[in-house]
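Notes follow the structure.
The values are calculated or read from the model by the stated rules, or taken from the named source; none is laboratory data. The structure displayed is predicted, hence computed values, not measured ones. Backbone-built Cβ (ideal geometry, glycine too); neighbour counts: all protein chains shown. Ligands, DNA and RNA are excluded from the accessible area calculation, which covers all protein heavy atoms including side chains. Shrake-Rupley method; radii C 1.70, N 1.55, O 1.52, S 1.80 Å.
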Amino acid sequence: MDYHYKQYIGGEWRDASNGRTWDVLNPATEDPVRTVPFGTAADCTAAIEAAAAALPSWSTKTAYERGALLKHAADLMRQRADALAHTTVLESGKPLVQARGEWIVAADLFEWFAEEGKRAYGRVVPARIASKRLFVLKQPIGVAGIITAWNFPAYNVARAAAAALAAGCTVVARPSEYTPLTAMEMVNILAEAALPAGVVNLVNGEPDPMGQAMLQHPACAKIHFTGSVRVGKHLMDGASKTVTRLSLELGGNAPVLVFPDVDLEQVAAGAVASKFRNGGQVCVAPQRFLVHRRVADEFVDRVSHRVGALRLGPGLDPETQVGPLINARQRERVEALVDSARSAGASVRVGGARPADRQKGYFYQPTLVAGVTTTMPVFGEEIFGPVMPVASFDEVDEAVAAANSTRYGLAAYVWTRDLPTAIRAYERLEFGMIGVNEWTPQAVEAPFPGWKESGLGREGGLEGLDEYLETKLVALGGL
């Protein structure tokens with residue numbers, strides 16, 4: 001299929017109102033993949049108004065009617081997953097098998113919410129007055145603005161858009177300028193699936209003016225944002241003036257507690273696979289490894305062989321396991337964290353540099369850093385790169401305290417065969433998702449909750465649908 005790679009506003013594919021364009025770069029080669037429109041607030045305002053015009057018709061369709069269209073879109077995504085994944089690899093750099101898997105999950109999200117929309121139940125409340133009846137209804141909140149990050153360009157958009165559309169909202173999506181092509185192909189599919197004009201809109205352009213347009217337009221009832229804490233707080237400042245509803249997914253710094261009773265080889269294998277997925281550019285990625293001192297050296301030895309064997313390369317190479325970082329700025333940030341740890345006395349056991357055999361692309365070697373302390377930035381900050389820091393601990397309470405010593409609270413992991421130890425740990429960990437002997441706690445059908453500065457609101461699961469619904473009480477009297 002031939003896709004349109006433009007903004008989509010009111011059922012029309014459009015160039016930017018200011019005439020500007022943006023070159024989407026392949027992070028593996030630094031070469032342009034495609035040139036797309038790069039608009040500003042005027043484009044976003046036009047999209048919001050198109051969404052507002054389409055809202056009365058879309059919101060009054062039955063959940064079954066909306067669900068049928070979303071299910072059709074999910075089927076198309078599955079049928080074309082190979083081709084869609086190719087585009088995602090070109091602009092994000094991730095390995096092809098991971099990009100294809102991402103599209104399958106995106107399709108699952110559209111299908112799941114297509115069904116869950118049929119269960120946006122209200123309730124009847126027994127009234128204390130015999131002549132009164134109390135009904136609680138759930139209704140779509142209105143136009144939803146969706147601003148997403150580049151690390152999962154299909155999943156991030158689908159997670160919010162599928163829920164909003166199933167709830168009866170219309171949407172304006174603003175994907176990351178680094179990875180807009182994936183979102184554009186997704187919107188092409190939604191249009192092909194016969195979603196009416198104005199129900200789904202997509203803009204690409206200047207981040208701050210578009211975000212401000214969403215905050216300031218009275219028709220935009222809610223904004224979902226996936227990205228940095230800094231931008232999330234900026235949106236909160238703006239929303240305080242307009243009382244715009246927000247849901248924010250702001251990243252994480254996930255600790256992993258490894259106790260001495262586990263199968264170290266099994267944990268080492270899973271740790272490397274999970275840590276280096278998408279080059280470590282995953283908000284729920286296991287990031288800070290806290291390993292019991294009795295087995296810390298052995299764990300590092302077992303992990304080092306696996307990290308050293310990871311194949312670094314372009315995502316379209318079927319042998320690639322770790323691709324490039326998204327851009328030069330992200331690579332420089334990762335380099336600075338590793339250099340800081342090295343200067344502070346940590347031991348870089350594997351990697352720790354740019355690969356000498358790749359002069360182009362934003363590559364950084366898969367890196368293992370041992371002897372890390374809790375005061376090092378590589379432990380305390382979100383790395384978002386292919387770096388695995390390992391620290392040690394002696395007691396459960398010490399490990400939990402170190403794990404909780406962060407402003408983030410998205411995901412955490414506990415590995416032990418002892419049930420009391422697992423319970424003691426997961427009950428005290430200040431994180432929204434805990435994987436106990438499990439590397440993938442998240443699921444389409446489950447909530448994706450962030451605590452502390454990892455965000456507000458809940459995406460995924462029935463909680464994700466509720467984020468796009470308002471509650472209305474109807475009191476019927478005089479009976």
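Kindly report the accessible area of segment 308-435 per residue (heavy atoms of protein chains, probe 1.4 Å, no ligands, DNA or RNA), in Å².
43 Å²
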*Please tell me which of these pairs span more than 29 angstrom C-alpha to C-alpha: LYS71/LYS452; LYS132/LYS241; LYS241/LYS472?*
LYS71/LYS452; LYS132/LYS241
_What would the Debye equation give as log₁₀ I(q)/I(0) for segment 425-479 at q = 0.16, 0.20, 0.21 Å⁻¹, counting only Cα atoms as equal point scatterers?_
-0.61, -0.82, -0.87
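Take every DSSP beta bridge whose two residues both sit in the chain, then give the antiparallel share in percent to the nearest 5.
On the way: 29 of 68 bridges.
Close to 45 percent.
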_Kirkwood hydrodynamic radius, segment 347-436, all distinct C-alpha pairs: what's the number in Å?_
15.0 Å
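May I ask you to order 188-194, 236-242, 20-26, 108-114 by the average number of other C-beta atoms within 10 Å around their residues, highest value first? Mind dumping the intermediate values first?
Working: 188-194: 19.0, 236-242: 13.4, 20-26: 17.1, 108-114: 25.0.
Ranking, from highest mean packing down: 108-114, 188-194, 20-26, 236-242.
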*Figure the gain on full extension for GLU115 and GLU192 (residue separation times 0.36 nm, minus the Cα-Cα span) and round it to one decimal in nm.*
25.7 nm
*asked:* For segment 93-243, take the convex hull of the Cα atoms, compute a quarter of its surface area, and give me that in nm², please.
replied: 11.7 nm²
*How large, in percent, is the carbon and sulfur part of the accessible surface of the chain at a probe radius of 1.4 Å?*
52 percent
*Of SER454, GLY351, ALA336, whose Cα points farthest to the positive end of the dipole of the chain (charges on the beta-carbon: +1 Lys, Arg; -1 Asp, Glu; origin at the Cα centre)?*
SER454
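Given R₀ = 51 Å, FRET efficiency for GLN266-VAL136 by Cβ-Cβ distance, to 0.05? Show your work: numbers first, answer last.
Values: r = 48 Å, r/R0 = 0.94.
In this case the efficiency is close to 0.60.
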*Given H placed 1.01 Å from N in the peptide plane, which residues other than close sequence neighbours of GLU470 have an amide H under 5 Å from its amide H?*
GLN139, ILE141
*Evaluate the distance, in nm, between pseudo-label points positioned 7 Å from the Cα of GLU463 and of ALA353 along their respective Cα→Cβ axes.*
4.5 nm
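So if I place +1 on the C-beta of Lys and Arg and -1 on the C-beta of Asp and Glu, and nothing else carries charge, what would the dipole magnitude of segment 329-414 be about its Cα centre? I want it in debye, nearest 20. Don't jump to the answer; show the numbers that get you there.
Details: 9 positive and 10 negative charges, 130 e Å.
Using Cβ point charges on Lys, Arg, Asp and Glu, segment 329-414 gives about 620 debye.
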*Once Lys and Arg get +1 and Asp and Glu get -1 on their Cβ, which of LEU257, ILE223, PRO207 lies farthest toward the positive end of the dipole of segment 124-266?*
ILE223
_For segment 94-172: Kirkwood Rh in Å [reciprocal of mean 1/r, alpha carbons]_ = 14.8 Å
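Please report the relative contact order for the chain, taking Cα pairs under 8 Å with a sequence separation of at least 6, and give it as a percent rounded to a whole number. The partial results should precede the final answer.
On the way: 1141 pairs, mean separation 88.7, N = 479.
Taking the mean separation of contacting Cα pairs over the length of the chain, I get 19 percent.
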_At most 12 other Cβ within 10 Å, DSSP loop - chymotrypsin sites (Phe, Trp or Tyr not before Pro), segment 114-177_ = TYR121
_How big is the dipole moment of the chain about its Cα centre under a simple scheme where the beta carbon of each Lys and Arg is +1, that of each Asp and Glu is -1, and everything else is neutral? Debye, nearest 20, please._
1060 debye
*q = 0.11, 0.14, 0.15, 0.21 Å⁻¹, segment 32-130: log10 I(q)/I(0) [Debye, one scatterer per Cα]*: -0.57, -0.83, -0.90, -1.08
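Test of understanding: what is the full-extension gain from ARG123 to ALA42, defined as 0.36 nm times their sequence separation minus their Cα-Cα distance?
Values: separation 81, 0.36 × 81 = 29.16 nm, distance 4.13 nm.
Residue separation times 0.36 nm, minus the Cα-Cα distance, leaves 25.0 nm.
Quick one, can you get me the convex hull of the C-alpha atoms of segment 266-359 expressed as volume per residue in Å³?
Values: hull volume 11.6 nm³, N = 94.
Dividing the Cα hull volume of segment 266-359 by its residue count gives 123 Å³.
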*Where only protein heavy atoms count, and the probe is 1.4 Å, what is the accessible area per residue for segment 22-111 in Å²?*
38 Å²
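What helices does the chain have that are whole DSSP H segments, at least 15 Å long along their own axis by Cα, and with mean Kyte-Doolittle hydropathy of 0.5 or more?
Working: long enough: 41-59 (26 Å, 0.80); 63-79 (24 Å, -0.46); 81-92 (16 Å, 0.40); 96-116 (30 Å, 0.27); 155-167 (18 Å, 1.01); 180-192 (18 Å, 0.84); 229-242 (20 Å, -0.39); 264-275 (16 Å, 0.61); 293-309 (25 Å, -0.57); 328-343 (22 Å, -1.00).
TM-like helix candidates: 41-59, 155-167, 180-192, 264-275.
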*asked:* Between segment 345-416 and segment 109-159, how far is it from one alpha carbon centroid to the other, in angstrom?
replied: 38 Å
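How high is the relative contact order of segment 289-401? Use alpha-carbon pairs under 8 Å, at least six apart in sequence, and give a whole percent.
Working: 181 pairs, mean separation 35.0, N = 113.
Relative CO of segment 289-401 lands at 31 percent.
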*Select from GLY232, THR440, ILE326 the residue farthest towards the positive end of the dipole of the chain; place +1 on Cβ of Lys and Arg, -1 on Cβ of Asp and Glu, and compute about the Cα centre.*
GLY232
*Residue by residue through segment 376-386, which ³J(HN,Hα) values in whole Hz follow from phi under the Karplus form 6.51 cos²θ - 1.76 cosθ + 1.60 (θ = phi - 60°), with glycine and proline marked x?*
7, x, 5, 8, x, 9, 5, 6, 6, x, x
*Correct choice for Rg and Dmax of the Cα atoms in Å that was computed from the model, options (1) 26.3, 93; (2) 23.2, 81; (3) 22.8, 69*: (2)
